[in-house]
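Take a look at the structure set out below.
The values are calculated or read from the model by the stated rules, or taken from the named source; none is laboratory data. Small disclaimer: the values here were computed from a predicted structure and weren't measured. Glycine gets a Cβ as well: all are built from the backbone with ideal geometry, and neighbour counts include every protein chain shown. Please note that ligands, DNA and RNA were not included when accessible areas were found on the heavy atoms of the full protein model with its side chains. Shrake-Rupley method; radii C 1.70, N 1.55, O 1.52, S 1.80 Å.
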Amino acid sequence: ALPEPADATRFLDEMTKCAAWLNARLAAKPDSPEGPAMRAAVAAMAAAAADRPASPVSPAPSDAATTAVKSALRKTQDAIKQSSPNAPAAPDDAIATALVAAGSYQDRLEMRKKILDELPKTGVALRRQLDKDPNGPFAAALHEAIDSIDLVVGDPAAQVAAAKALGSIGTGRAANLLRKAVEVASRSSDSNLQSVAGAALRSADRYQSEVHFIQNTFAGLSSGSILVLLALGLSIIFGLMGVINMAHGEFMMVGAFTTYVVAEAFKAYWPGAYEFYLLAAIPAAFIVAGGVGFIVEWLVIRHLYGRPLETLLATWGIGLVLIQAVRLKFGDTLTVSPPKWMEGGFEAAPDIVFPLNRLFIIAFCALCIAVVYFMVNRTKLGLMLRATTQNREMAAALGVATRRVDGFTFALGTGLAGLAGVVVPLYNKINPSIGQEYTVDCFMVVVVGGVGKLAGAIWAGLSLGFIGKYIEAMLGQVPWLASGASVIGKVLVLVLIIVFLQRRPQGLFPPKGRLTDA
(Lines give C-alpha, C1' and ligand atoms only; values in the text may rest on other atoms or scores of the structure.)
Protein backbone atom coordinates (compact mmCIF):
# COMPACT_ATOMS: atom_id res chain seq x y z
CA ALA A 1 0.00 0.00 0.00
CA LEU A 2 2.93 2.38 0.53
CA PRO A 3 4.37 4.04 -2.57
CA GLU A 4 7.17 2.08 -4.18
CA PRO A 5 10.14 4.32 -5.07
CA ALA A 6 11.11 2.07 -7.98
CA ASP A 7 7.80 2.73 -9.71
CA ALA A 8 8.30 6.49 -9.56
CA THR A 9 11.94 6.14 -10.61
CA ARG A 10 11.04 4.24 -13.78
CA PHE A 11 8.43 6.85 -14.71
CA LEU A 12 10.74 9.79 -13.93
CA ASP A 13 13.54 8.24 -16.01
CA GLU A 14 11.28 8.03 -19.06
CA MET A 15 10.06 11.62 -18.48
CA THR A 16 13.65 12.82 -18.33
CA LYS A 17 14.44 11.12 -21.66
CA CYS A 18 11.27 12.52 -23.22
CA ALA A 19 11.99 16.05 -21.96
CA ALA A 20 15.51 15.88 -23.39
CA TRP A 21 14.11 14.67 -26.73
CA LEU A 22 11.53 17.50 -26.84
CA ASN A 23 14.11 20.12 -25.86
CA ALA A 24 16.39 18.92 -28.64
CA ARG A 25 13.57 19.34 -31.18
CA LEU A 26 12.77 22.77 -29.77
CA ALA A 27 16.38 23.83 -30.07
CA ALA A 28 16.46 22.68 -33.71
CA LYS A 29 13.11 24.26 -34.62
CA PRO A 30 12.17 26.87 -32.00
CA ASP A 31 9.42 28.39 -34.18
CA SER A 32 7.78 25.14 -35.31
CA PRO A 33 3.94 24.91 -35.07
CA GLU A 34 4.16 22.19 -32.42
CA GLY A 35 6.51 24.30 -30.26
CA PRO A 36 3.88 25.57 -27.77
CA ALA A 37 2.57 22.05 -27.15
CA MET A 38 6.09 20.74 -26.67
CA ARG A 39 6.91 23.52 -24.19
CA ALA A 40 3.71 22.76 -22.29
CA ALA A 41 4.64 19.06 -22.13
CA VAL A 42 8.14 19.85 -20.84
CA ALA A 43 6.63 22.14 -18.19
CA ALA A 44 4.13 19.44 -17.13
CA MET A 45 6.92 16.89 -16.78
CA ALA A 46 9.04 19.33 -14.77
CA ALA A 47 6.09 19.97 -12.45
CA ALA A 48 5.56 16.20 -12.01
CA ALA A 49 9.23 15.66 -11.24
CA ALA A 50 9.12 18.42 -8.61
CA ASP A 51 5.98 16.97 -7.00
CA ARG A 52 6.38 16.05 -3.31
CA PRO A 53 4.11 13.70 -1.32
CA ALA A 54 1.64 15.28 1.05
CA SER A 55 1.78 12.28 3.43
CA PRO A 56 3.66 8.97 3.73
CA VAL A 57 0.95 7.22 1.70
CA SER A 58 0.75 9.90 -0.98
CA PRO A 59 2.54 9.06 -4.24
CA ALA A 60 4.92 11.41 -5.95
CA PRO A 61 4.40 12.19 -8.77
CA SER A 62 0.72 12.27 -7.88
CA ASP A 63 -2.08 10.89 -10.01
CA ALA A 64 -3.14 14.43 -10.98
CA ALA A 65 0.40 15.37 -12.06
CA THR A 66 0.69 12.15 -14.07
CA THR A 67 -2.65 12.83 -15.77
CA ALA A 68 -1.44 16.32 -16.68
CA VAL A 69 1.73 14.85 -18.21
CA LYS A 70 -0.25 12.34 -20.27
CA SER A 71 -2.62 15.06 -21.51
CA ALA A 72 0.25 17.35 -22.51
CA LEU A 73 2.11 14.53 -24.28
CA ARG A 74 -0.95 13.52 -26.27
CA LYS A 75 -1.47 17.15 -27.37
CA THR A 76 2.17 17.24 -28.42
CA GLN A 77 1.73 14.03 -30.41
CA ASP A 78 -1.30 15.50 -32.18
CA ALA A 79 0.55 18.74 -32.90
CA ILE A 80 3.51 16.88 -34.40
CA LYS A 81 1.21 14.75 -36.58
CA GLN A 82 -0.64 17.84 -37.85
CA SER A 83 2.67 19.57 -38.59
CA SER A 84 4.11 16.55 -40.46
CA PRO A 85 1.18 14.31 -41.45
CA ASN A 86 3.21 12.15 -43.84
CA ALA A 87 6.24 11.63 -41.61
CA PRO A 88 6.67 7.98 -40.46
CA ALA A 89 6.68 7.31 -36.73
CA ALA A 90 10.18 7.18 -35.33
CA PRO A 91 11.07 3.80 -33.73
CA ASP A 92 12.62 5.60 -30.77
CA ASP A 93 9.72 8.01 -30.25
CA ALA A 94 10.28 9.19 -26.67
CA ILE A 95 6.72 10.52 -26.38
CA ALA A 96 5.16 7.09 -27.00
CA THR A 97 7.57 5.47 -24.51
CA ALA A 98 6.80 8.09 -21.87
CA LEU A 99 3.05 7.59 -22.38
CA VAL A 100 3.44 3.83 -21.84
CA ALA A 101 5.46 4.47 -18.66
CA ALA A 102 2.85 6.96 -17.42
CA GLY A 103 0.05 4.47 -18.02
CA SER A 104 1.91 1.74 -16.17
CA TYR A 105 2.65 4.09 -13.28
CA GLN A 106 -1.00 5.10 -13.04
CA ASP A 107 -2.05 1.44 -13.00
CA ARG A 108 0.16 0.94 -9.95
CA LEU A 109 -1.33 4.03 -8.31
CA GLU A 110 -4.84 2.74 -8.93
CA MET A 111 -3.97 -0.62 -7.41
CA ARG A 112 -2.55 1.07 -4.30
CA LYS A 113 -5.63 3.29 -4.05
CA LYS A 114 -7.85 0.22 -3.94
CA ILE A 115 -5.66 -1.33 -1.25
CA LEU A 116 -5.72 1.84 0.81
CA ASP A 117 -9.51 1.93 0.55
CA GLU A 118 -9.75 -1.65 1.86
CA LEU A 119 -7.17 -1.42 4.66
CA PRO A 120 -9.39 0.43 7.19
CA LYS A 121 -12.13 -2.16 6.72
CA THR A 122 -9.58 -4.94 7.21
CA GLY A 123 -8.29 -3.26 10.35
CA VAL A 124 -11.81 -3.13 11.82
CA ALA A 125 -12.33 -6.83 11.08
CA LEU A 126 -9.01 -7.78 12.66
CA ARG A 127 -9.76 -5.76 15.80
CA ARG A 128 -13.13 -7.47 16.06
CA GLN A 129 -11.40 -10.85 15.81
CA LEU A 130 -8.84 -9.87 18.44
CA ASP A 131 -11.56 -8.71 20.84
CA LYS A 132 -13.24 -12.12 20.59
CA ASP A 133 -10.08 -14.02 21.62
CA PRO A 134 -7.45 -11.57 22.96
CA ASN A 135 -5.17 -14.34 24.24
CA GLY A 136 -5.72 -16.89 21.49
CA PRO A 137 -3.08 -18.60 19.36
CA PHE A 138 -3.35 -15.91 16.66
CA ALA A 139 -3.13 -12.91 18.99
CA ALA A 140 0.48 -12.07 18.11
CA ALA A 141 -0.23 -12.22 14.37
CA LEU A 142 -3.36 -10.09 14.78
CA HIS A 143 -1.47 -7.44 16.78
CA GLU A 144 1.24 -7.28 14.12
CA ALA A 145 -1.31 -6.99 11.30
CA ILE A 146 -3.27 -4.24 13.09
CA ASP A 147 -0.08 -2.27 13.84
CA SER A 148 1.01 -2.64 10.21
CA ILE A 149 -2.29 -1.21 9.00
CA ASP A 150 -2.13 1.65 11.52
CA LEU A 151 1.37 2.52 10.34
CA VAL A 152 0.05 2.94 6.80
CA VAL A 153 -3.41 4.50 7.18
CA GLY A 154 -3.60 5.65 10.81
CA ASP A 155 -3.49 9.21 12.05
CA PRO A 156 -0.08 10.62 13.10
CA ALA A 157 -0.45 9.45 16.72
CA ALA A 158 -1.52 5.97 15.62
CA GLN A 159 1.39 5.81 13.17
CA VAL A 160 3.91 6.64 15.89
CA ALA A 161 2.41 4.05 18.28
CA ALA A 162 2.32 1.44 15.52
CA ALA A 163 5.97 2.07 14.59
CA LYS A 164 7.06 1.58 18.20
CA ALA A 165 4.99 -1.61 18.48
CA LEU A 166 6.42 -3.05 15.26
CA GLY A 167 9.93 -2.26 16.47
CA SER A 168 9.30 -4.28 19.64
CA ILE A 169 7.81 -7.16 17.61
CA GLY A 170 10.91 -7.22 15.40
CA THR A 171 9.83 -9.75 12.76
CA GLY A 172 11.21 -9.62 9.25
CA ARG A 173 7.83 -8.36 7.99
CA ALA A 174 7.83 -5.58 10.58
CA ALA A 175 11.41 -4.61 9.71
CA ASN A 176 10.61 -4.42 5.99
CA LEU A 177 7.54 -2.26 6.61
CA LEU A 178 9.46 0.04 8.97
CA ARG A 179 12.25 0.40 6.41
CA LYS A 180 9.74 1.47 3.78
CA ALA A 181 8.03 3.78 6.28
CA VAL A 182 11.35 5.54 6.94
CA GLU A 183 11.82 6.04 3.19
CA VAL A 184 8.36 7.47 2.55
CA ALA A 185 8.48 9.62 5.70
CA SER A 186 11.76 11.07 4.45
CA ARG A 187 10.23 11.89 1.07
CA SER A 188 7.16 13.46 2.67
CA SER A 189 9.28 15.45 5.19
CA ASP A 190 7.49 13.81 8.15
CA SER A 191 10.42 14.15 10.55
CA ASN A 192 8.55 12.81 13.60
CA LEU A 193 7.50 9.57 11.91
CA GLN A 194 10.91 9.25 10.30
CA SER A 195 12.63 9.52 13.70
CA VAL A 196 10.31 7.08 15.49
CA ALA A 197 10.26 4.57 12.62
CA GLY A 198 14.06 4.80 12.35
CA ALA A 199 14.51 3.96 16.04
CA ALA A 200 11.99 1.11 15.74
CA LEU A 201 13.79 -0.18 12.65
CA ARG A 202 17.10 -0.30 14.50
CA SER A 203 15.44 -2.32 17.26
CA ALA A 204 13.91 -4.71 14.73
CA ASP A 205 17.23 -5.08 12.92
CA ARG A 206 18.97 -6.00 16.19
CA TYR A 207 16.39 -8.70 16.79
CA GLN A 208 16.77 -9.93 13.21
CA SER A 209 20.54 -10.18 13.74
CA GLU A 210 19.85 -12.46 16.71
CA VAL A 211 17.37 -14.45 14.62
CA HIS A 212 19.93 -14.95 11.84
CA PHE A 213 22.57 -16.05 14.35
CA ILE A 214 20.21 -18.63 15.85
CA GLN A 215 19.15 -19.84 12.41
CA ASN A 216 22.76 -20.22 11.28
CA THR A 217 23.61 -22.03 14.51
CA PHE A 218 20.73 -24.43 14.02
CA ALA A 219 21.67 -25.00 10.38
CA GLY A 220 25.27 -25.63 11.43
CA LEU A 221 24.12 -28.10 14.08
CA SER A 222 21.95 -29.90 11.52
CA SER A 223 24.63 -30.19 8.81
CA GLY A 224 27.28 -30.92 11.43
CA SER A 225 25.20 -33.78 12.82
CA ILE A 226 25.10 -35.48 9.42
CA LEU A 227 28.84 -34.95 9.01
CA VAL A 228 29.47 -36.48 12.44
CA LEU A 229 27.34 -39.53 11.68
CA LEU A 230 29.20 -40.07 8.40
CA ALA A 231 32.57 -39.34 9.97
CA LEU A 232 32.01 -41.87 12.75
CA GLY A 233 31.91 -44.68 10.22
CA LEU A 234 34.88 -43.28 8.33
CA SER A 235 36.80 -42.80 11.60
CA ILE A 236 36.39 -46.50 12.32
CA ILE A 237 37.41 -47.54 8.80
CA PHE A 238 40.14 -44.99 8.13
CA GLY A 239 41.30 -44.19 11.65
CA LEU A 240 41.25 -47.65 13.19
CA MET A 241 41.77 -49.90 10.15
CA GLY A 242 44.04 -47.66 8.06
CA VAL A 243 41.80 -48.08 4.98
CA ILE A 244 41.29 -44.96 2.85
CA ASN A 245 37.69 -45.64 1.89
CA MET A 246 36.93 -43.32 -1.03
CA ALA A 247 33.58 -45.09 -1.45
CA HIS A 248 32.29 -44.03 1.97
CA GLY A 249 29.90 -41.50 0.45
CA GLU A 250 28.60 -44.19 -1.91
CA PHE A 251 27.68 -46.39 1.06
CA MET A 252 25.67 -43.43 2.34
CA MET A 253 24.03 -43.32 -1.08
CA VAL A 254 23.17 -47.03 -0.75
CA GLY A 255 21.44 -46.24 2.53
CA ALA A 256 19.54 -43.36 0.90
CA PHE A 257 18.25 -45.56 -1.93
CA THR A 258 17.38 -48.31 0.53
CA THR A 259 15.24 -45.73 2.33
CA TYR A 260 13.62 -44.86 -1.00
CA VAL A 261 12.81 -48.53 -1.69
CA VAL A 262 11.30 -48.98 1.77
CA ALA A 263 9.22 -45.80 1.40
CA GLU A 264 7.91 -46.90 -2.00
CA ALA A 265 7.09 -50.34 -0.61
CA PHE A 266 5.04 -48.75 2.17
CA LYS A 267 3.25 -46.57 -0.38
CA ALA A 268 2.38 -49.59 -2.51
CA TYR A 269 1.53 -52.22 0.11
CA TRP A 270 0.88 -50.46 3.43
CA PRO A 271 -0.22 -46.89 2.58
CA GLY A 272 -1.98 -46.51 5.92
CA ALA A 273 1.28 -47.12 7.77
CA TYR A 274 3.41 -44.76 5.65
CA GLU A 275 3.87 -42.42 8.62
CA PHE A 276 6.01 -45.12 10.24
CA TYR A 277 8.15 -46.21 7.29
CA LEU A 278 11.29 -44.86 9.00
CA LEU A 279 10.97 -47.61 11.62
CA ALA A 280 11.67 -50.08 8.82
CA ALA A 281 13.99 -47.88 6.77
CA ILE A 282 16.53 -47.31 9.58
CA PRO A 283 17.42 -50.98 10.20
CA ALA A 284 17.09 -51.77 6.48
CA ALA A 285 19.58 -49.04 5.49
CA PHE A 286 22.04 -50.16 8.18
CA ILE A 287 21.78 -53.83 7.18
CA VAL A 288 22.00 -53.26 3.42
CA ALA A 289 24.90 -50.76 3.58
CA GLY A 290 26.67 -52.86 6.20
CA GLY A 291 26.10 -56.04 4.19
CA VAL A 292 27.52 -54.47 1.03
CA GLY A 293 30.47 -53.26 3.12
CA PHE A 294 31.05 -56.75 4.54
CA ILE A 295 31.10 -58.24 1.03
CA VAL A 296 33.47 -55.53 -0.22
CA GLU A 297 35.82 -56.15 2.72
CA TRP A 298 35.76 -59.92 2.12
CA LEU A 299 36.34 -59.67 -1.63
CA VAL A 300 38.76 -56.72 -1.86
CA ILE A 301 39.79 -54.83 1.26
CA ARG A 302 41.18 -57.70 3.36
CA HIS A 303 43.78 -58.33 0.66
CA LEU A 304 45.05 -54.75 0.87
CA TYR A 305 45.61 -54.12 4.60
CA GLY A 306 48.81 -52.18 5.20
CA ARG A 307 48.71 -50.65 1.71
CA PRO A 308 46.67 -47.45 2.13
CA LEU A 309 47.26 -46.05 -1.36
CA GLU A 310 46.02 -49.27 -2.95
CA THR A 311 42.91 -49.20 -0.75
CA LEU A 312 42.32 -45.65 -1.99
CA LEU A 313 42.35 -46.76 -5.63
CA ALA A 314 40.33 -49.90 -4.97
CA THR A 315 37.58 -48.13 -3.01
CA TRP A 316 37.43 -45.35 -5.59
CA GLY A 317 36.71 -47.99 -8.22
CA ILE A 318 34.15 -49.66 -5.94
CA GLY A 319 32.43 -46.29 -5.56
CA LEU A 320 32.14 -45.95 -9.35
CA VAL A 321 30.68 -49.45 -9.58
CA LEU A 322 28.08 -48.66 -6.91
CA ILE A 323 27.12 -45.38 -8.62
CA GLN A 324 26.59 -47.00 -12.00
CA ALA A 325 24.73 -49.98 -10.53
CA VAL A 326 22.28 -47.69 -8.72
CA ARG A 327 21.92 -45.45 -11.78
CA LEU A 328 21.03 -48.43 -13.97
CA LYS A 329 18.45 -49.62 -11.46
CA PHE A 330 16.82 -46.35 -10.31
CA GLY A 331 17.81 -43.59 -12.74
CA ASP A 332 19.19 -40.21 -11.76
CA THR A 333 17.11 -38.07 -9.40
CA LEU A 334 14.48 -39.28 -6.95
CA THR A 335 12.63 -37.86 -3.98
CA VAL A 336 11.35 -39.42 -0.77
CA SER A 337 8.24 -37.90 0.80
CA PRO A 338 8.76 -37.35 4.52
CA PRO A 339 6.04 -38.45 6.95
CA LYS A 340 3.27 -35.94 7.62
CA TRP A 341 4.35 -35.50 11.24
CA MET A 342 7.72 -34.23 10.00
CA GLU A 343 6.25 -31.39 7.92
CA GLY A 344 6.23 -27.82 9.20
CA GLY A 345 8.25 -26.49 12.08
CA PHE A 346 8.32 -25.50 15.72
CA GLU A 347 8.18 -21.73 16.30
CA ALA A 348 10.22 -20.97 19.39
CA ALA A 349 9.89 -17.17 18.98
CA PRO A 350 8.83 -14.73 16.24
CA ASP A 351 10.73 -15.63 13.05
CA ILE A 352 12.64 -18.40 14.87
CA VAL A 353 11.21 -21.57 13.36
CA PHE A 354 12.95 -24.92 13.67
CA PRO A 355 11.88 -27.33 10.88
CA LEU A 356 10.70 -30.62 12.30
CA ASN A 357 12.67 -32.67 9.79
CA ARG A 358 15.89 -30.95 10.90
CA LEU A 359 15.02 -31.51 14.56
CA PHE A 360 14.51 -35.20 13.78
CA ILE A 361 17.87 -35.34 11.98
CA ILE A 362 19.68 -33.82 14.97
CA ALA A 363 17.95 -36.16 17.44
CA PHE A 364 18.56 -39.20 15.25
CA CYS A 365 22.24 -38.40 14.77
CA ALA A 366 22.68 -37.76 18.49
CA LEU A 367 21.11 -41.15 19.28
CA CYS A 368 23.34 -42.93 16.75
CA ILE A 369 26.43 -41.19 18.12
CA ALA A 370 25.54 -42.24 21.68
CA VAL A 371 24.95 -45.87 20.64
CA VAL A 372 28.20 -46.09 18.65
CA TYR A 373 30.23 -44.45 21.40
CA PHE A 374 28.79 -46.86 23.96
CA MET A 375 29.36 -49.88 21.74
CA VAL A 376 32.97 -49.03 20.91
CA ASN A 377 33.97 -48.11 24.45
CA ARG A 378 31.73 -50.22 26.69
CA THR A 379 31.05 -53.56 24.97
CA LYS A 380 33.05 -56.71 24.28
CA LEU A 381 32.70 -56.19 20.53
CA GLY A 382 34.14 -52.70 20.91
CA LEU A 383 37.00 -54.06 23.00
CA MET A 384 37.88 -56.63 20.33
CA LEU A 385 37.58 -53.96 17.65
CA ARG A 386 39.97 -51.63 19.43
CA ALA A 387 42.36 -54.45 20.30
CA THR A 388 42.50 -55.70 16.71
CA THR A 389 43.07 -52.30 15.19
CA GLN A 390 45.72 -51.27 17.76
CA ASN A 391 47.77 -54.48 17.89
CA ARG A 392 46.60 -57.23 15.56
CA GLU A 393 49.29 -59.78 16.53
CA MET A 394 48.66 -59.46 20.26
CA ALA A 395 44.88 -59.68 19.75
CA ALA A 396 45.27 -62.84 17.64
CA ALA A 397 47.56 -64.35 20.26
CA LEU A 398 44.82 -63.79 22.86
CA GLY A 399 42.27 -65.64 20.75
CA VAL A 400 40.52 -62.81 18.88
CA ALA A 401 39.33 -63.81 15.41
CA THR A 402 40.94 -60.81 13.76
CA ARG A 403 39.74 -61.60 10.22
CA ARG A 404 36.15 -61.75 11.41
CA VAL A 405 36.59 -58.57 13.43
CA ASP A 406 37.97 -56.81 10.35
CA GLY A 407 34.88 -57.71 8.38
CA PHE A 408 32.49 -56.62 11.13
CA THR A 409 34.43 -53.40 11.67
CA PHE A 410 34.24 -52.43 8.00
CA ALA A 411 30.56 -53.42 7.95
CA LEU A 412 29.92 -51.27 11.02
CA GLY A 413 31.53 -48.25 9.38
CA THR A 414 29.59 -48.64 6.14
CA GLY A 415 26.39 -49.35 8.08
CA LEU A 416 26.78 -46.03 9.88
CA ALA A 417 27.16 -44.36 6.50
CA GLY A 418 23.91 -46.07 5.50
CA LEU A 419 22.20 -44.59 8.56
CA ALA A 420 23.31 -41.14 7.39
CA GLY A 421 21.64 -42.00 4.09
CA VAL A 422 18.33 -42.39 5.92
CA VAL A 423 18.19 -38.72 6.89
CA VAL A 424 19.58 -37.14 3.71
CA PRO A 425 16.36 -37.75 1.68
CA LEU A 426 14.38 -35.94 4.37
CA TYR A 427 15.73 -32.57 3.19
CA ASN A 428 17.32 -33.19 -0.19
CA LYS A 429 16.73 -35.05 -3.45
CA ILE A 430 18.84 -38.14 -3.94
CA ASN A 431 20.83 -39.26 -6.96
CA PRO A 432 23.56 -41.89 -7.48
CA SER A 433 26.32 -39.27 -7.18
CA ILE A 434 25.08 -37.68 -3.95
CA GLY A 435 27.71 -39.43 -1.85
CA GLN A 436 30.54 -37.62 -3.61
CA GLU A 437 29.33 -34.37 -2.05
CA TYR A 438 30.15 -35.71 1.43
CA THR A 439 33.26 -37.88 1.04
CA VAL A 440 35.85 -35.10 1.13
CA ASP A 441 34.08 -33.35 4.02
CA CYS A 442 34.14 -36.61 5.99
CA PHE A 443 37.87 -37.05 5.51
CA MET A 444 38.42 -33.47 6.66
CA VAL A 445 36.40 -34.16 9.80
CA VAL A 446 38.37 -37.32 10.60
CA VAL A 447 41.76 -35.69 10.02
CA VAL A 448 40.91 -32.55 12.00
CA GLY A 449 39.45 -34.56 14.88
CA GLY A 450 42.39 -36.91 15.12
CA VAL A 451 42.79 -40.20 13.26
CA GLY A 452 40.93 -42.98 15.05
CA LYS A 453 39.38 -40.69 17.67
CA LEU A 454 35.59 -40.89 17.81
CA ALA A 455 35.41 -37.91 20.17
CA GLY A 456 37.53 -35.96 17.70
CA ALA A 457 35.16 -36.82 14.86
CA ILE A 458 32.22 -35.55 16.92
CA TRP A 459 33.86 -32.26 17.87
CA ALA A 460 35.37 -31.67 14.43
CA GLY A 461 32.14 -32.47 12.58
CA LEU A 462 30.05 -30.09 14.66
CA SER A 463 32.74 -27.38 14.55
CA LEU A 464 33.07 -27.53 10.76
CA GLY A 465 29.28 -27.47 10.42
CA PHE A 466 29.05 -24.30 12.53
CA ILE A 467 32.06 -22.57 10.96
CA GLY A 468 30.85 -23.31 7.44
CA LYS A 469 27.40 -21.82 8.07
CA TYR A 470 28.77 -18.75 9.88
CA ILE A 471 31.26 -18.00 7.10
CA GLU A 472 28.59 -18.48 4.43
CA ALA A 473 26.25 -16.11 6.29
CA MET A 474 28.96 -13.44 6.60
CA LEU A 475 29.85 -13.71 2.91
CA GLY A 476 26.16 -13.40 2.05
CA GLN A 477 26.19 -9.91 3.55
CA VAL A 478 28.74 -8.78 0.95
CA PRO A 479 26.83 -7.92 -2.27
CA TRP A 480 29.56 -8.91 -4.71
CA LEU A 481 30.22 -12.21 -2.88
CA ALA A 482 26.63 -13.23 -2.10
CA SER A 483 26.06 -15.27 -5.27
CA GLY A 484 29.11 -17.47 -4.60
CA ALA A 485 28.94 -17.47 -0.79
CA SER A 486 28.54 -21.25 -0.53
CA VAL A 487 31.52 -22.12 -2.73
CA ILE A 488 33.77 -19.42 -1.27
CA GLY A 489 32.77 -20.55 2.23
CA LYS A 490 33.92 -24.12 1.49
CA VAL A 491 37.23 -22.81 0.17
CA LEU A 492 37.79 -20.71 3.30
CA VAL A 493 36.94 -23.68 5.54
CA LEU A 494 39.53 -25.74 3.65
CA VAL A 495 42.11 -22.97 4.12
CA LEU A 496 41.36 -22.88 7.86
CA ILE A 497 41.80 -26.65 8.07
CA ILE A 498 45.17 -26.45 6.30
CA VAL A 499 46.33 -23.73 8.68
CA PHE A 500 45.10 -25.74 11.68
CA LEU A 501 46.87 -28.91 10.56
CA GLN A 502 50.10 -26.99 10.08
CA ARG A 503 50.03 -26.23 13.81
CA ARG A 504 48.45 -29.49 15.02
CA PRO A 505 49.12 -32.16 12.39
CA GLN A 506 47.70 -34.90 14.62
CA GLY A 507 44.34 -33.19 15.01
CA LEU A 508 42.26 -32.13 17.99
CA PHE A 509 42.79 -35.39 19.89
CA PRO A 510 46.26 -36.74 19.12
CA PRO A 511 47.15 -40.26 20.32
CA LYS A 512 49.02 -40.52 23.60
CA GLY A 513 51.58 -42.84 25.11
CA ARG A 514 52.37 -46.03 23.21
CA LEU A 515 49.64 -45.26 20.68
CA THR A 516 51.54 -42.23 19.44
CA ASP A 517 53.73 -44.31 17.12
CA ALA A 518 50.99 -46.74 16.11
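Overall, the chain carries a charge dipole of about 1280 debye about its Cα centre when +1 sits on the Cβ of Lys and Arg and -1 on the Cβ of Asp and Glu, all other atoms neutral.
For the chain, just list the percent of Cα-Cα distances falling in each 10 Å bin from zero outward, please. With a bin width of 10 Å, the distribution comes to 4, 14, 18, 15, 13, 13, 11, 8, 4, 1, 0, 0. Rounded to whole Å, the principal axis extents of the Cα atoms in the range 49-152 read 73, 24, 18, largest first.
Taking the Kirkwood radius as Rh and the Cα radius of gyration as Rg, the range 377-518 has a ratio of Rg/Rh equal to 1.06. Helix 63-83 and the longest principal axis of the Cα set of the chain meet at an angle near 70°.
Largest accessible area first, the listed residues Ile226, Ile498 line up as Ile498, Ile226 when surface is computed with a 1.4 Å probe on the assembled protein chains. Between Val100 and Gln502, the distance separating the two model label sites (each 7 Å from Cα on the Cα→Cβ line) works out to 5.8 nm. Size check on the range 359-447: the Cα extents along the three principal axes, sorted descending, read 49, 25, 22 Å. Here, the range 304-360 yields an orientationally averaged convex hull projection of 7.6 nm² when only Cα atoms define the hull.
Partners of Lys267 within straight-line reach, counting lysines whose Cα lies under 24 Å from its Cα and excluding those fewer than 8 residues away in the same chain: Lys329, Lys340, Lys429.
Ignoring aspartates and glutamates fewer than eight residues from Lys121 along the same chain, the ones with Cα atoms less than 13 angstrom from its Cα are Asp150. Placing a pseudo-label 7 Å from each Cα along the Cα-to-Cβ vector at Thr335 and Asp31 gives an inter-label distance of 7.4 nm.
Pairs with C-alpha atoms separated by more than 22 Å, drawn from the list Lys29/Lys75; Lys113/Lys180; Lys132/Lys180, are Lys132/Lys180. Beyond 14 Å, what share of the Cα-Cα pairs of the range 114-193 is found? Please give it as a whole percent. For the range 114-193, the share of Cα pairs beyond 14 Å comes to 63 percent. Taking the empirical scaling 2.2 N^0.38 Å for compact globular proteins as reference, the range 310-431 has a Cα radius of gyration ratio of 1.45. Values of log10 I(q)/I(0) for the range 1-66 across q = 0.21 Å⁻¹ run -0.83, by the Debye formula with one identical scatterer at each alpha carbon and no solvent. Our helix-only sum for the chain, with -39,500 (n - 2.57) per DSSP H run of n ≥ 4 divided by its residues, gives a mean residue ellipticity at 222 nm of -25000 deg cm²/dmol. Placing unit charges on the Cβ atoms only, positive for Lys and Arg and negative for Asp and Glu, gives the range 187-293 a dipole magnitude near 160 debye about its Cα centre.
The alpha-carbon of Lys17 sits under 14 angstrom from the alpha-carbons of these aspartates and glutamates, leaving out residues fewer than 8 places away in its chain: Asp92, Asp93. Taken along the Cα-to-beta-carbon direction at a fixed 7 Å, the label points for Asp13 and Ala125 span 3.7 nm.
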